[in-house]
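Report on the following structure.
Taken together, the values in this text are just the output of simple stated rules run on the coordinates, not laboratory data. All of these numbers come straight from a predicted model, not from anything done at the bench. Cβ placement follows ideal geometry from the backbone for every residue including glycine, while neighbour counts extend to all protein chains displayed.
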Amino acid sequence: MPNFAQLLVADRGQSAHPVEIVPVAGFADWLNRQPPRVRAAIAQQQLRGKEGESAVLPAEDSEDWSAVLVVKDGTLTAWTLAGLVPKLLGGNYRLVGADTGAAGLGWLLAQHAFTRYRKPEPAEPCVLLSADPARIDETVRLAQATATVRDLVNTPAGDLGPAELEATVEALAAAHGATFTLTKGKALADGYPMIHAVGRAATAERSPRLLELEWGNPADPRVAIVGKGVCFDTGGLDIKPSSGMRLMKKDMGGAAHAIALAGLVMAGRLRVRLHLLVPAVENSVSADAFRPGDVLKTRQGLTVENTNTDAEGRLILGDALTKAAEGEPLLILDFATLTGAARVAVGPDLPATFANDEPLAAELLAAAAAVDDPLCRLPLWDGYDDMLKSDIADLVNAPDGGFAGAITAALFLRRFVPAGTPWAHFDTFAWRPAAKPGRPKGGDALGLRASWEMLKRRYSA
C-alpha cells in the first residue's frame with residue numbers, strides 16, 4: 001500500500017504543474033484563449049471537449065508543462081481525477097479552476113495496486129497540493145480503509161484464512177488500544193453453535209473462530225459492526241461448481257468492510273463504544289461437514305433446519321448478531337457478501353441495503369448520495385417471512401424456490417436482531433468485475449464510505 005499521506009499534501013506554494021479543470025460548456029471558449037502550441041497539442045491528442053477527456057499541454061519551458069481535464073459542470077466527484085493520474089509523470093500538481101474537494105480520494109486510489117504476488121511497476125508518485133488542508137487527513141484515512149478492503153479481498157484463501165483474519169483484527173486492536181477477544185474450540189461450539197457448525201470441517205489450522213474488538217468510552221453510545229468472514233466457500237456438501245467457486249476468496253468481503261469501518265471509527269475518534277464482531281470460518285468439505293437436513297442450535301435459542309450448506313453466511317452472522325445484541329447497542333450494522341440474488345437484482349455496484357428503522361435508512365441513503373458511494377434499499381417484506389417456516393425446526397436457512405433470495409436472507413438475519421434495535425444489513429458484492437478509473441478489477445469497498453459518513457454525522461466529537 002502506498003503512503004497516501006505523501007500523495008495529498010497542503011498547498012504552501014510549492015512548485016507544481018497546473019491541472020486546469022474546464023467544464024464541458026466552457027471548453028470552446030477555453031480553447032480559443034490558448035496559444036497555438038496548446039491548440040496544436042489538443043488537436044494532436046484529439047480532445048473534443050467531452051467529459052473525462054484530458055491532455056498534457058506544452059509550455060515555452062519544457063519543464064513547465066501542464067494538463068487539462070474536462071469535467072461535466074465544474075464539480076469534482078470522488079473519481080473525477082482518477083483517470084488523469086495514470087497519464088501524468090511523477091511530481092507535484094495543483095488544480096486550477098476547482099477545489100480538490102472529494103476528488104483527492106480518486107487521486108490517491110489511482111496510485112494503489114495489489115502487488116503482493118508480482119513486482120510492482122516502478123512509478124514516481126504524483127502529489128496533489130490541496131488548498132483545503134483540513135480535509136486531507138480524512139481523505140487519506142478513507143483511501144487507506146478502501147485499500148485495506150481491496151487488499152484483504154484480493155488475497156487468496158491459501159494466504160488468508162481464519163487465522164490470518166484473527167491476526168488482522170488483533171493488530172487493529174493493538175494499533176488503537178482496543179480490547180481483542182478470541183473464541184474458538186469448545187467455547188465456540190458451546191456458545192456459538194452455528195459458527196462452529198459451518199467451520200468445523202476445516203483443518204485445525206483453519207478452524208472456526210469468533211473475533212471481537214471493543215474500543216471507546218463505555219459511557220458513549222454502543223455501536224456494533226458485524227462482518228461475514230467466510231475465508232473460502234466451497235458450498236459445503238451442497239458443493240459449488242468450479243465456476244462458482246472461482247472467486248470465493250472474496251466471501252470474507254463483509255469482514256473486510258467491517259474491519260476497515262472499525263478502523264475509520266477509531267482513527268476518527270468517534271464518540272461511540274465500538275464492538276466489532278467477525279465470525280471467521282472456512283466452509284469446507286470433509287467427513288465432519290455439516291449436512292443438508294441437519295437441525296442446528298443457535299446462540300439465541302432458535303433451531304434452524306439447514307436446507308442448504310451453501311447458505312452458510314447467514315448462519316454465522318446469526319450467532320454473531322445475537323452476541324452483538326447482548327451488549328444492548330443503539331445501532332447494529334452488518335456487512336456480508338451474502339446472496340447471488342442481490343447481484344441479479346441490483347448488479348455489482350450497488351450494495352443491497354436493508355434497514356428495520358426508517359430514520360436510519362434515510363440517513364444511510366443521504367450519506368451515500370453525499371459521498372458518491374451508492375446504496376440501493378430493498379424491503380424487509382414481512383409477507384415473505386412465511387418462506388422461512390420449517391416443518392421440524394423454528395426456521396430454515398434457505399427457502400426452496402429461490403424467490404426473493406436477498407430479502408429472505410435479510411429476514412433470516414432479522415430473527416437475530418432484537419425488536420427496537422436499529423439495524424442495517426449490507427449485502428455487498430465486494431468485487432469489481434470490470435475496471436474503472438481509480439477502481440481496478442478485483443476486490444473493492446462498496447458501501448464503506450456511505451456507512452462511515454452516516455456514523456461520522458451521528459457521532460463526531
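Compute the FRET efficiency between S286 and A189 as 1/(1 + (r/R0)^6), taking r as their Cβ-Cβ distance and R0 = 25 Å, and round to the nearest 0.05.
0.95
Pairs K240/K323; K250/K441; K228/K250; K249/K297: which are spaced more than 20 Å apart, C-alpha to C-alpha?
Too far apart for the 20 Å limit: K240/K323; K249/K297.
Mind listing P(r) for the range 61-170? All alpha-carbon pairs, 5 Å bins, whole percents.
Percent of pairs per bin, in order: 2, 10, 18, 19, 17, 12, 10, 6, 4, 2, 0, 0.
Given the range 220-293 reduced to its alpha-carbon atoms as identical point scatterers, what log10 I(q)/I(0) does the Debye formula return at q = 0.21, 0.23, 0.27 Å⁻¹?
Each listed q maps to, in turn, -0.87, -0.96, -1.16.
Output the antiparallel fraction of DSSP beta bridges having both residues in the range 1-155, as a percent to the nearest 5. Mind showing how you got there, number by number?
Values: 4 of 20 bridges.
Here the antiparallel bridges make up roughly 20 percent for the range 1-155.
Two decimals is fine: what is log10 I(q)/I(0) at q = 0.11, 0.15, 0.16 Å⁻¹ for the range 303-383, from a Debye sum with one equal scatterer on every Cα and no solvent?
-0.37, -0.69, -0.79
Residue by residue through the range 452-459, what is 3J(HN,Hα) from phi via Karplus (6.51 cos²θ - 1.76 cosθ + 1.60, θ = phi - 60°)? Round to whole Hz and write x for glycine and proline.
Along the range 452-459, the couplings run 5, 4, 4, 5, 5, 5, 7, 10 Hz.
Give a quick list of trypsin sites (Lys or Arg not before Pro) in the range 342-433 that DSSP marks as loop, anything other than H, G, I, E or B, with at most 15 other Cβ atoms within 10 Å.
Qualifying residues, ordered by number: K389.
So what J values fall out for the range 244-249 if you push phi through Karplus, 6.51 cos²θ - 1.76 cosθ + 1.60 with θ = phi - 60°, rounded to Hz, Gly and Pro as x?
My calculation for the range 244-249 gives x, 8, 4, 9, 6, 5 Hz in order.
Taking only the alpha-carbon positions of the chain and ignoring solvent, what does the Debye formula give for the base-10 log of I(q)/I(0) at q = 0.08, 0.12 Å⁻¹?
Debye output, listed in q order: -0.50, -0.98.
Modelling each spin label as a point 7 Å along the Cα-to-Cβ direction, I'd like the E326/Y117 distance in nm, to one decimal.
3.8 nm
Return the distance in nm (one decimal) between the two label points of a simple spin-label model at V96 and K441, each offset 7 Å from Cα along Cα→Cβ.
3.8 nm
Could you give each residue of the range 325-335 its phi-based ³J(HN,Hα) in whole Hz, using Karplus coefficients 6.51, -1.76, 1.60 with θ = phi - 60°, and x for Gly or Pro?
5, 5, x, 6, x, 7, 7, 10, 10, 10, 10
Rounded to whole Å, give me the distance from the Cα center of the range 127-183 to that of the range 381-396.
38 Å
Separation of the range 293-336 and the range 57-76 by C-alpha centroid, Å?
The range 293-336 and the range 57-76 have Cα centres separated by 54 Å.
Determine the principal axes of the Cα atoms in the range 4-131, then give the extent along each, sorted from largest to smallest and rounded to whole angstroms.
So the extents along the principal axes, rounded to whole Å, are 46, 31, 29.
At a 10 angstrom cut-off on C-beta neighbours, averaged per residue, how do the peptides 120-130, 351-361, 33-43 rank from highest to lowest?
Result, highest mean first: 351-361, 120-130, 33-43.
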